[in-house]
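Derivation of every value follows stated rules applied to the coordinates shown; laboratory data play no part. All figures in this text were calculated on a predicted structure; none of them were measured in a lab. Cβ placement follows ideal geometry from the backbone for every residue including glycine, while neighbour counts extend to all protein chains displayed.
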Amino acid sequence: MSLFTPLSMNDVPFILQGILNTIYISVVAITIGTILGAIVGFARAESNRYINFLFGMVLDIFRTVPLIIQLILFSTYIGVSGYPLSPFVAGSIVLSLYTMAFMSEVFRGGFESVPNTMRTASRSLGLTYWQTIRYIRFPIGLRTVFASWLGVALSVIKDSALVSVIGYMELLRTSEQLISRTQQPLEILIGIGVFYFAISYPLSKYGQHKERSMAI
């Protein structure tokens, strides 16, 4: 009697659940990371160099320490401290902060790309500081950051696979269990690659299209 069973249609719901979990945690991390990144990026663009330096030191930790290490350390620390979190919550927190660290640089560059002459002109026309942010700096800065924002978002979608190390049942962990049961790694890994390509390639092409249309 064989210990392994081949892939079948009965595995489809299990695979779809892994796909949905991957999309879910990616959307959560990108959304929260974008909002926090915009706030931090704006704060850095408006801060003096000393505060900017302190912000940069903290953000460099998230950007330079491998994500898998951040996930394991955070999950372990929370667990031993007596406040364990579900794999989804722990993974979302770490992945959102990781995303925020990169998004903050994207938005900071966008805010700083608006020339000082345009800021001065808007103030001379009677716009307040916050009106200048809303009607001048934010719209113009958004045009310059979209491609970079999309690049970070695509990277986060792929990096979400690392959340499997703390037990979250996303697509990679789902595939690992299927490989252990079926001993069909080639077919399963090709399927995973096709899934990530099916998401990343259209988004990448859309980003290129939007970048060209914004440049016109």
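Here are some notes:
- Among the conditions (1) among the β-branched types (Val, Ile, Thr); (2) under 21 Å from residue 70 (Cβ atoms); (3) crowded, with 19+ Cβ neighbours inside 10 Å; (4) free of Cβ contacts under 8 Å to residues at least 24 places away in the same chain, the only one that residue 132 does not satisfy is (2).
- Tally, over the range 79-93, of residues that are free of Cβ contacts under 8 Å to residues at least 40 places away in the same chain and either surrounded by 16 or more Cβ atoms within 10 Å (Cβ to Cβ) or touching a His at 6+ places or on another chain (Cβ under 9 Å) (or both): 1
- Candidates are the residues of the range 101-129 that are of a type in the set (A, V, I, L, M) and within 17 Å of residue 43 (Cβ to Cβ); the one that is surrounded by the most Cβ atoms within 10 Å (Cβ to Cβ) is 103.
- Single residue of the range 149-194 satisfying the filter (more than 22 Å from residue 79 (Cβ to Cβ) and among the hydroxyl-bearing types (Ser, Thr, Tyr)) that is surrounded by the fewest Cβ atoms within 10 Å (Cβ to Cβ): 180
- Of residues in the range 195-213 being charged (D, E, K, R) and surrounded by fewer than 15 Cβ atoms within 10 Å (Cβ to Cβ), the one farthest from residue 151 (Cα to Cα): 212
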